1. Against the conditions (1) loosely packed, with under 11 Cβ neighbours inside 10 Å; (2) assigned to a helix (DSSP H, G or I); (3) outside the structural domain of Glu55 (by TED's automatic domain parsing), where does Asn85 fall short? Just the number, please.
2. Of the conditions (1) out of contact with any helix residue (DSSP H, G or I) (no Cβ under 7 Å at 6 or more places or on another chain); (2) of a type in the set (A, V, I, L, M); (3) on the phi > 0 side of the Ramachandran plot, Val36 fails just one. Which one is it?
3. Go through the stretch 239-265 and count every residue that is in contact with a strand residue (DSSP E or B) (Cβ under 7 Å, 6 or more places away or on another chain) and either part of a helix (DSSP H, G or I) or in the same structural domain as Gly158 (by TED's automatic domain parsing) (or both).
4. Those residues that are out of contact with any helix residue (DSSP H, G or I) (no Cβ under 8 Å at 6 or more places or on another chain) and either part of a strand (DSSP E or B) or not basic (Lys, Arg) (or both), I need them from the stretch 88-101; list them, please.
5. Can you tell me which residue is surrounded by the fewest Cβ atoms within 10 Å (Cβ to Cβ) among those in the stretch 266-310 that are in a helix (DSSP H, G or I), in contact (Cβ under 8 Å) with a residue 24 or more places away in the chain and of a type in the set (D, E, K, R)?
6. Which residues, taken from the stretch 262-277, are under 13 Å from Arg225 (Cβ atoms) and of a type in the set (A, V, I, L, M)?
7. From Val250, Val216, which residue is surrounded by 18 or more Cβ atoms within 10 Å (Cβ to Cβ) and at pLDDT below 95?
Amino acid sequence: MLNSNSLRKLDMQDLLVFVAVFEQNSVTEVSEQLSVSQSTVSYCLKKLRNCFDDELFINTRSGMQPTFKASTMYPHVLQILHSINQCHAGSSTFDPGARPVTFNICAPEYFEQLILPRLLKHFDQAGFPVMVNMHKFEAEIPADALRDGSLDLVICFGPNFHRQHAELRVQTLLEDDLVCVFDKSAAPSKQRLSLQGYVERKHVFPTPWTSATNMVDGWLARQSRQRQIVARANSYSAALKLISGTDFMVTLPRRIQQLLASESDFNHCEAPDDLPGFSLDLQWSQHLDQDSANAWLREQVRSACAGLND
């Protein structure tokens, strides 16, 4: 449904004029590009201005300059035209070997350490000209970037670590738990650390995403307990370096411990009873659910995660 009846008066030519004026900054050039008269361009702009209650473009010495509202509208109007073209062309099958393609993924270090290397190796062996551009995960799901297409996928921890968005699709990729890692000379003899023993140790905390809260300290708070953090590291590897030669400890996902904490330098034991594990979740925009390129990428990520259990 449309938010305003005035939007019913718009047609495809109005949207084409909007995009062309935004890109060309000239009514004359737009009329030539679209093969319409300048009066037609002016009429379309008038309709657009009335519908969106904004000047949209201001005539200056350097040409037609977009207003703030026009700048925010531009990517959405492009998406509308792209979707119309897709409807006309029908659903085409994505061919990863046909031409170079770049995918943008936002994910924590966990994904980069465990899954991205498997993806890139597969792409290289298959001869796919695919580039993966990684974006750092911040405090919340970058839903706007998924909506406007600047991100193809978001990988995040779950369940319920981040605010949910009804228009995003979510799928669990894998599950993992946490273990306690120590320098080999400082490891306890017990196979499982008690809650008391856990909070008595000094901790190095690797921050997998920018957030004031995390799964460990949230759980401790519910037990009315608190741990002593002596350092916050930007990566799992850095956290391991910080505990080397000390009696500090670091709590790591089991898969990360198996990958990075060599047995020659580190020992580990089980975390206290009831410390919850976590899932790694895949999120994407609902409007790309049937997009063949996005669907292909999702399948590659799922396959790489499934391969971790082989």
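The values are calculated or read from the model by the stated rules, or taken from the named source; none is laboratory data. Predicted model only: the values in this text are computed from it and were never measured. Here Cβ is always computed from backbone atoms with ideal geometry, including for glycine, and neighbour counts include all displayed protein chains.
1. (3)
2. (3)
3. 7
4. Taking the stretch 88-101 first, the residues out of contact with any helix residue (DSSP H, G or I) (no Cβ under 8 Å at 6 or more places or on another chain) are 88-90, 95, 98-100.
Across the stretch 88-101, the qualifying residues are His88, Ala89, Gly90, Asp95, Ala98, Pro100.
5. Going through the qualifying residues, I end up with Arg302.
6. Result: Leu275, single match.
7. Values: Val250 fails: at pLDDT below 95.
Val216 is the lone residue from the list that is surrounded by 18 or more Cβ atoms within 10 Å (Cβ to Cβ) and at pLDDT below 95.
Condition check ((1) closer than 19 Å to Ser303 by Cβ; (2) acidic (Asp, Glu)) across all residues:
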| residue | (1), (2) |
| --- | --- |
| Tyr110 | yes, no |
| Gln113 | yes, no |
| Gly127 | yes, no |
| Met134 | yes, no |
| Phe137 | no, no |
| Ala143 | no, no |
| Asp148 | no, yes |
